[in-house]
Amino acid sequence: MAEEIKAGCARPTGGPVGEKPKTQKESSQQPLIQEVKSMVTVGKKAPDFTAPAYHKGKFINVQLSEYLGKWVVLCFYPGDFTFV
Amino acid sequence: MSVDSVFVHKMWNDHELSKMVKGGIPFPMLSDGGGKVGSIFGVYLEDAGVEARGRFIIDPDGIIQGFEVLTPPVGRNVMESIRQIQAFQHVRKTKGAEATPSGWKPGKPTLKPGPDLVGKVWEVWKTKMAFDD
């Protein structure tokens with residue numbers, strides 16, 4: 001399901017998928033962040049996104065919509081090697 | 001998912017988490033550099049540049065059924081997340097005909113909302129059932 005990605009020197013990134021107003025060129029991602037409002041509500045569709053991931057010894061690319069048909073628990077946390 | 005790179009995820013898994021969880025972390029550890037995904041889920045803390053402890057339960061249709069967000073110093077309760085998923089799965093299995101009252105766990109009675117139940121919940125469900133194991 002998830003494609004493997006090669007580990008290079010560039011740090012891989014992901015981001016939201018689709019449904020985003022494109023008011024400016026996509027070349028610089030930074031300014032876009034300010035425009036993306038949180039659009040999360042219970043009972044509504046989770047915004048789709050892609051993200052690079054580490055999974056059992058491999059670097060892969062994960063897209064939320066690949067998990068349609070399954071229950072998903074999506075967890076955010078402050079950082080690796082933090083304590084809690 | 002955190003703002004750390006996949007390389008740091010690997011180091012954390014290999015050098016610390018694999019010593020706590022046999023075989024290492026079984027699910028994908030996602031990287032969200034810059035907090036782009038965290039921002040749309042409302043958990044990116046801009047001042048700190050990190051993500052809060054957000055946990056989202058997403059059903060097989062991609063619908064968010066529940067979420068919880070904690071500030072960094074307090075950890076979550078995994079069993080409570082599992083309980084909620086079991087409850088949502090039960091409601092889904094009954095196509096919404098049954099609802100799960102406070103403190104519900106598999107095996108405990110559910111409620112069947114309808115005209116006959118209005119004003120009668122006290123007859124079929126007692127407050128102490130919310131606290132029973």
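Below is a table of values for the structure above.
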read-out	value
Boolean, B:S31 is crowded, with 19+ Cβ neighbours inside 10 Å, of a type outside the set (V, I, T), in contact (Cβ under 8 Å) with a residue 24 or more places away in the chain and farther than 22 Å from A:T41 by Cβ	yes
Selection status of B:I57, closer than 30 Å to B:W122 by Cβ, loosely packed, with under 15 Cβ neighbours inside 10 Å and within 11 Å of another protein chain (Cβ to nearest Cβ)	no
Given (1) at the interface with chain A (Cβ under 8 Å from one of its Cβ atoms); (2) among the small types (G, A, S); (3) under 30 Å from A:E4 (Cα atoms), index of the condition B:A48 fails	(3)
Residue match in the range B:93-103 (condition: modelled with pLDDT of 95 or more, assigned by TED's automatic domain parsing to the domain that holds B:F131 and part of a helix (DSSP H, G or I))	yes
Condition check for B:G75: out of contact with any helix residue (DSSP H, G or I) (no Cβ under 9 Å at 6 or more places or on another chain), at the interface with chain A (Cβ under 9 Å from one of its Cβ atoms), of a type in the set (G, A, S) and more than 18 Å from A:W71 (Cβ to Cβ)	yes
Conditions (1) within 7 Å of chain B (Cβ to nearest Cβ); (2) assigned to a loop (DSSP other than H, G, I, E, B); (3) at pLDDT below 95; number of the one not met by A:I33	(2)
So B:I64, is it more than 19 Å from A:E4 (Cα to Cα), assigned by TED's automatic domain parsing to the domain that holds B:Q89, crowded, with 18+ Cβ neighbours inside 10 Å and of a type in the set (A, V, I, L, M)	yes
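Conditions (1) more than 7 Å from every other protein chain (Cβ to nearest Cβ); (2) closer than 17 Å to B:I85 by Cβ, marked per residue:
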| position | (1), (2) |
| --- | --- |
| A:K45 | no, no |
| A:A53 | no, no |
| A:G57 | yes, no |
| A:Q63 | yes, no |
| A:Y67 | yes, yes |
| A:L74 | no, yes |
| A:Y77 | no, no |
| A:F83 | yes, no |
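For (1) among the aliphatic types (A, V, I, L, M); (2) out of contact with any helix residue (DSSP H, G or I) (no Cβ under 6 Å at 6 or more places or on another chain); (3) exposed (fewer than 14 other Cβ atoms within 10 Å of the Cβ), each residue gets a yes or a no:
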{"position": "B:R83", "(1), (2), (3)": "no, yes, no"}
{"position": "B:Q89", "(1), (2), (3)": "no, yes, no"}
{"position": "B:A99", "(1), (2), (3)": "yes, yes, no"}
{"position": "B:P109", "(1), (2), (3)": "no, yes, yes"}
{"position": "B:P115", "(1), (2), (3)": "no, yes, yes"}
{"position": "B:G119", "(1), (2), (3)": "no, yes, yes"}
{"position": "B:W122", "(1), (2), (3)": "no, yes, yes"}
{"position": "B:W125", "(1), (2), (3)": "no, yes, no"}
{"position": "B:D132", "(1), (2), (3)": "no, yes, yes"}
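The values are calculated or read from the model by the stated rules, or taken from the named source; none is laboratory data. Remember, predicted model here, so these are calculated numbers, not experimental data. All Cβ positions, even for glycine, are placed from backbone atoms using ideal geometry, and neighbour counts span all protein chains on display.
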